[in-house]
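Participant: I have a structure here, written as structure tokens, and I will follow up with some questions on it.
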Amino acid sequence: MARSNLLDTRTTSFGDLIGNGKIYRVPPFQRDYSWKEENWEDLWQDILTIRNQPDSSHYMGALVLQSSDTSDKEFTVIDGQQRLATLSTIAIAVIEKIQNLVEREEHKEANQERQEILKRTYLSDRDPRSLRYSSKLILNENNNDFYQSNLFNLRRPRNILSLSKSNQLLWQAFLYYSSQLGELQDVVQDGEKLAEFLTNIIAQELLFIQINVQDELNAYTVFETLNARGI
């Protein structure tokens, strides 16, 4: 593989990845969401370790991206969609907890503003013309509709059992992290601390090795190489 095809290799945080108007698209026929409770729990324990050990970080592994030919803000996710979807689900769970505070009239205006800022920072950008939200993460064809219409909008599905297995897992991931957040009583009752938890821990201390590749062939070469080496 020629080095010229590797545009960039760097260490980056979830916050840096998802910021600055960038959009990440999972290819339509990339595999569906498949993480289960053992994966969610492993990640949550890593998050708690970071929280209890100031100035510590956790590496989330390699993220392989294919750069767009038409925009420096759009990327195709070749490897890493499970982790990006899960971290986005945690962000949604944090925003839900702030919404609960708003509904209880607890510092309502401040928490509404926090909710809006966090949503625009980690989940979507808002078009100034249409005022519509545009998601920063677009999942594959089997998961994206559910992610956008239900998870993103905190809308409980009418019949969970009618969902595909992968969409059930997405919803269960949200419920898992919502439950775990609920156990952090010193955090969940305070909008400022919830925002700090998302911004200082999830966004800044969970790190990736970001590999940007220019064309599809070399993107999948990198992907297969990492898998072959067990990384």
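The values are calculated or read from the model by the stated rules, or taken from the named source; none is laboratory data. Computed from a predicted model, the values in this text were never measured in an experiment. Quick reminder, even Gly has a Cβ in these numbers, built from the backbone with ideal geometry, and neighbours come from all protein chains shown. Side chains are part of the model used for accessible areas, which takes the heavy atoms of the whole protein and leaves out ligands, DNA and RNA. Shrake-Rupley method; radii C 1.70, N 1.55, O 1.52, S 1.80 Å.
Participant: Would you mind stating whether Tyr133 is among the aromatic types (Phe, Trp, Tyr), within 17 Å of Ile202 (Cβ to Cβ) and surrounded by 12 or more Cβ atoms within 10 Å (Cβ to Cβ)?
Facilitator: Values: among the aromatic types (Phe, Trp, Tyr): yes; within 17 Å of Ile202 (Cβ to Cβ): no; surrounded by 12 or more Cβ atoms within 10 Å (Cβ to Cβ): yes.
In short, no.
Participant: While we're on this one: Looking only at the range 24-33, decide whether some residue is modelled with pLDDT under 95, out of contact with any strand residue (DSSP E or B) (no Cβ under 7 Å at 6 or more places or on another chain) and either on the phi > 0 side of the Ramachandran plot or not in a loop (DSSP other than H, G, I, E, B) (or both).
Facilitator: No, the range 24-33 contains no residue that is modelled with pLDDT under 95, out of contact with any strand residue (DSSP E or B) (no Cβ under 7 Å at 6 or more places or on another chain) and either on the phi > 0 side of the Ramachandran plot or not in a loop (DSSP other than H, G, I, E, B) (or both).
Participant: Quick one: what pairs do we get from the range 144-157, first residue closer than 16 Å to Tyr33 by Cα, second among the basic types (Lys, Arg) and crowded, with 16+ Cβ neighbours inside 10 Å, C-beta under 9 Å, 6+ apart or different chains?
Facilitator: From the range 144-157, the pairs are Phe152/Lys119.
Participant: Taking the options Asn100, Asn111, Asn150, name whichever one is touching a Pro at 6+ places or on another chain (Cβ under 6 Å) and not aromatic (Phe, Trp, Tyr).
Facilitator: Working: Asn100 fails: touching a Pro at 6+ places or on another chain (Cβ under 6 Å); Asn111 fails: touching a Pro at 6+ places or on another chain (Cβ under 6 Å).
Selected residue: Asn150, the only one of Asn100, Asn111, Asn150 that is touching a Pro at 6+ places or on another chain (Cβ under 6 Å) and not aromatic (Phe, Trp, Tyr).
Participant: Can you tell me which residues in the range 187-226 are modelled with pLDDT of 85 or more, more than 22 Å from Ile18 (Cβ to Cβ) and among the acidic types (Asp, Glu)? Even if it seems obvious, please write down each step before you answer.
Facilitator: Narrowing the range 187-226 to residues modelled with pLDDT of 85 or more: 187-213.
Within this subset, residues satisfying the condition of being more than 22 Å from Ile18 (Cβ to Cβ) are 188-190.
Listed by number, the list holds a single entry, Asp190.
Participant: Now a separate question. Does Thr9 count as surrounded by fewer than 16 Cβ atoms within 10 Å (Cβ to Cβ) and touching a strand residue (DSSP E or B) at 6+ places or on another chain (Cβ under 7 Å)?
Facilitator: Details: surrounded by fewer than 16 Cβ atoms within 10 Å (Cβ to Cβ): yes; touching a strand residue (DSSP E or B) at 6+ places or on another chain (Cβ under 7 Å): yes.
In short, yes.
Participant: Enumerate the pairs (first residue in the range 4-28 and closer than 26 Å to Glu205 by Cβ and of a type in the set (Asp, Glu); second residue anywhere and modelled with pLDDT under 90 and not in a loop (DSSP other than H, G, I, E, B)) with beta-carbon separation below 6 Å, excluding pairs fewer than 6 apart on the same chain, so at least 6 apart or on different chains.
Facilitator: Cβ pairs passing all conditions: Asp8/Asn212.
Participant: Let me ask something else. What are the residues in the range 21-52 that are open to solvent by less than 100 Å² (accessible area, probe 1.4 Å) and polar (S, T, N, Q), if any?
Facilitator: The answer is Gln30, Ser34, Asn39, Gln45, Thr49.
Participant: Taking only the range 39-65 into account, find how many residues are acidic (Asp, Glu) and in contact with a strand residue (DSSP E or B) (Cβ under 6 Å, 6 or more places away or on another chain).
Facilitator: Step one: of the range 39-65, the residues acidic (Asp, Glu) are 41-42, 46, 55.
Add one more test, that the residue is in contact with a strand residue (DSSP E or B) (Cβ under 6 Å, 6 or more places away or on another chain), and what stays is 46.
Looking only at that region, the number is 1.
Participant: Among the residues of the range 153-186, how many are under 20 Å from the mean Cα position of the chain (by Cα) and either at pLDDT 95 or above or crowded, with 19+ Cβ neighbours inside 10 Å (or both)?
Facilitator: Residues meeting the conditions: 18.
Participant: Right, next: Out of the range 53-78, which residues are in contact (Cβ under 8 Å) with a residue 12 or more places away in the chain and open to solvent by 40 Å² or more (accessible area, probe 1.4 Å)?
Facilitator: Ser57, His58, Tyr59, Lys73, Glu74, Thr76
Participant: Still on this model: Being touching a residue at least 60 places away in the same chain (Cβ under 8 Å) and under 16 Å from Ile50 (Cβ atoms) is the filter here, so list the residues in the range 195-213 that pass it.
Facilitator: The initial filter retains those residues of the range 195-213 that are touching a residue at least 60 places away in the same chain (Cβ under 8 Å), namely 195, 197-199, 201-213.
Selection gives Phe197, Leu198, Thr199, Ile201, Ile202, Ala203, Gln204, Glu205, Leu206, Leu207, Phe208.
Participant: On the given criteria, is Leu101 out of contact with any helix residue (DSSP H, G or I) (no Cβ under 6 Å at 6 or more places or on another chain) and aliphatic (A, V, I, L, M)? Break it down into steps so the answer makes sense when it comes.
Facilitator: Working: out of contact with any helix residue (DSSP H, G or I) (no Cβ under 6 Å at 6 or more places or on another chain): no; aliphatic (A, V, I, L, M): yes.
Judged against the criteria, Leu101 is not a match.
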